[in-house]
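To keep things clear, I will list the structure first and then write my remarks on it.
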Amino acid sequence: MKVECAKTMAAEEVKLLKTWSSLFGLRVVWALKLKGIQYDAIDEDLSNKSALLLQHNPVYKKIPVLVHNGKPISESLVILEYIDETWKQNPILPEDPLEKARERFWAKFNDEKLLPSIWGAFTKEGKEREEAIAAAVENLKLVEEELKGKKFFGGEKIGLADVAFGWLAYLICVFDEVTGFKIVNERYPLLLAWMQEFSQLPIAKDNCPPHDKLVIKFQALYEKHHPAK
Amino acid sequence: MSEEVKVLGNWGSCFSRRVELALKIKGVEYEYIEEDVYGNKSPLLLKYNPVHKKVPVLLHNGKPIAESLVIIEYIEETWKGTPILPEDPYEKAMARFWTKFVDEKCLPALWRAVWSPENEREKAVEEACKCLETLQSALNGKRFFGGDTVGLVDIAANFIGFWLRIIQEATGHGDLLSAEKFPTLFKWTDEFVSCSVVKQSLPPRDKLLAFFKARVAEANASK
């Protein structure tokens, strides 16, 4: 029987290629912290990608990349599942296959529906923006529904879906500030309560990027997408 | 123990057929319910997939699971026997990586290339071919993406394995997947469709060809 533990006997090398602001990289940080895994953080400058990044993620050339004993894994949700299977303490996924499927379904929903719609609302203009907002509203309604009777998406404790949705807890207020438009508003009381709970978790409290620095960054991005006419 | 497995699907959907292939690999008996995805969505579909209102949906003892790749992971975990994913966590991660690549990059690029207007076609084909080239590299001398047997990536790539060549025949454009351009990927499509369990999970060739010929005619008529 294999015994998994946070500190392994043989030298274990865990590196994480990320950036200071990427929400995808932050998910992986949260998972590593949750499990108490020691790792080397390497912050990339995406305007000048390192040879290491290009070597370890030749397909996408993106962060995050987890490198475990020299072997690279890319794509944040793939990384999260790998972390959960490799280090067994504080599991992110439940044992029950149906519950696991539910977690995966909602993590996917964030990545494929909710996040793109909110990003669209942030970056687009005119009719496209209206459509993005309408999609975001629909998506938020569904997410609100899913939280009924639950503290976290995972139930009493966080799971994969919470980690996937976690960006809302610290980044949506930045969008609110920059755009002057509150997309996650009082229409979603359960989601607002969840955001509060999530942001109080030690992994979130100790590991989110600084708010002011994020505002500066996203203000600049906003101006880029909405040039003054 | 009496077990009830149902699949809400559509005969021509590669996503729906992925789920059927996974169930057949595991030797799981199931009841198939055809959904008319172009017409009115049935109350059953709206009840069991209220979020996306799409096929496929797997119903296991009355509990619904949606999203084909989520369903396949559920199938893998629920029914032991012939594995769809490797045991080793790193190899598993690689399989999931390539599966995502197929779903998020290859399939949309191929679909765009197939239906793009003439003036955008060259660029769309170039992008789709880049995806195919990258995917081909994942085969790395193996018979299937899964090694000696069909695995998750092979199942996810069923569109490329079967649908794509039929669509190329329907459109008259053979410039995406060809033996000349992608010899090992092309060979994989032959291996894929001649696999007996895969054969059982594929829609009838003639029906699919006729379906796409009609879609092409519709697209041309609206120009």
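The values are calculated or read from the model by the stated rules, or taken from the named source; none is laboratory data. Since the structure is predicted, the reported quantities are computational estimates derived from the model, not experimental observations. Note that we place each Cβ from the backbone using ideal geometry, even for glycine, and neighbour counts take in every protein chain shown. The accessibility values were calculated without ligands, DNA or RNA, using every heavy atom of the protein model including side chains. Shrake-Rupley method; radii C 1.70, N 1.55, O 1.52, S 1.80 Å.
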Could we say that B:P83 is facing chain A (nearest Cβ under 9 Å), more than 17 Å from B:E20 (Cβ to Cβ) and not acidic (D, E) here? no
Can you find even one residue in the range B:51-69 that is at negative phi, part of a helix (DSSP H, G or I) and at the interface with chain A (Cβ under 9 Å from one of its Cβ atoms)? yes
Hey, B:V150 hits all of (1) within 14 Å of chain A (Cβ to nearest Cβ); (2) in contact with a strand residue (DSSP E or B) (Cβ under 6 Å, 6 or more places away or on another chain) but one; which does it fall short on? (1)
Assuming A:K49 fulfils every condition listed in (1) open to solvent by less than 70 Å² (accessible area, probe 1.4 Å); (2) outside any helix (DSSP H, G or I) apart from one, which condition is it? (1)
From the set of residues in the range A:55-73 that are in a strand (DSSP E or B) and open to solvent by less than 10 Å² (accessible area, probe 1.4 Å), which is nearest to the other protein chains (Cβ to nearest Cβ)? A:I73
Condition broken by A:Y82, with the remaining ones in (1) touching a Gly at 6+ places or on another chain (Cβ under 9 Å); (2) facing chain B (nearest Cβ under 7 Å); (3) among the aromatic types (F, W, Y) satisfied: (1)
So B:V102 fits all but one of (1) at the interface with chain A (Cβ under 10 Å from one of its Cβ atoms); (2) of a type outside the set (F, W, Y); (3) touching a Cys at 6+ places or on another chain (Cβ under 9 Å); (4) open to solvent by less than 40 Å² (accessible area, probe 1.4 Å); what number is the exception? (1)
If only one of B:T134, B:T171 is in contact with a helix residue (DSSP H, G or I) (Cβ under 6 Å, 6 or more places away or on another chain), open to solvent by 10 Å² or more (accessible area, probe 1.4 Å), polar (S, T, N, Q) and at negative phi, which one is it? B:T171
Show the residue pairs meeting these rules: Cβ distance below 8 Å; 6+ apart or different chains; first residue within the range A:38-51 and under 20 Å from A:W87 (Cβ atoms); second residue surrounded by fewer than 11 Cβ atoms within 10 Å (Cβ to Cβ). A:Q38/A:K7
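Looking for whichever is within 20 Å of B:K100 (Cα to Cα) and of a type in the set (F, W, Y) here; the options are A:Y39, A:Y60. Which one fits?
Numbers: A:Y39 fails: within 20 Å of B:K100 (Cα to Cα).
Exactly one of A:Y39, A:Y60 is within 20 Å of B:K100 (Cα to Cα) and of a type in the set (F, W, Y), namely A:Y60.
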Could you list, in sequence order, all residues of the range B:198-208 that are crowded, with 16+ Cβ neighbours inside 10 Å and assigned to a helix (DSSP H, G or I)? B:V198, B:L208
If you check B:W115 against the conditions, is it open to solvent by 70 Å² or more (accessible area, probe 1.4 Å), touching a residue at least 24 places away in the same chain (Cβ under 8 Å) and more than 9 Å from chain A (Cβ to nearest Cβ)? yes
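Based on what the data block shows, is A:F24 open to solvent by 50 Å² or more (accessible area, probe 1.4 Å), among the hydrophobic types (A, V, I, L, M, F, W, C) and within 14 Å of chain B (Cβ to nearest Cβ)?
yes
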Which condition number does B:W163 fail, the rest of (1) touching a residue at least 60 places away in the same chain (Cβ under 8 Å); (2) of a type outside the set (V, I, T); (3) within 23 Å of B:K130 (Cβ to Cβ); (4) touching a Ser or Thr at 6+ places or on another chain (Cβ under 9 Å) being met? (4)
Only one residue in B:E20, B:E29 is open to solvent by 30 Å² or more (accessible area, probe 1.4 Å) and under 16 Å from B:I72 (Cα atoms), so which one is that? B:E29
Does B:K92 satisfy the criteria of being more than 14 Å from chain A (Cβ to nearest Cβ), more than 18 Å from the chain's Cα centre (by Cα) and modelled with pLDDT of 95 or more? no
Subset of the range A:181-229 that is at pLDDT below 95 and farther than 30 Å from A:G155 by Cα - its residue that is surrounded by the most Cβ atoms within 10 Å (Cβ to Cβ): A:F181
Subset of the range A:90-105 that is open to solvent by less than 50 Å² (accessible area, probe 1.4 Å) and closer than 23 Å to A:L26 by Cβ - its residue that is farthest from the other protein chains (Cβ to nearest Cβ): A:I92
Residue within the range A:90-103 that is within 18 Å of the chain's Cα centre (by Cα), outside any helix (DSSP H, G or I) and among the hydrophobic types (A, V, I, L, M, F, W, C) present: yes
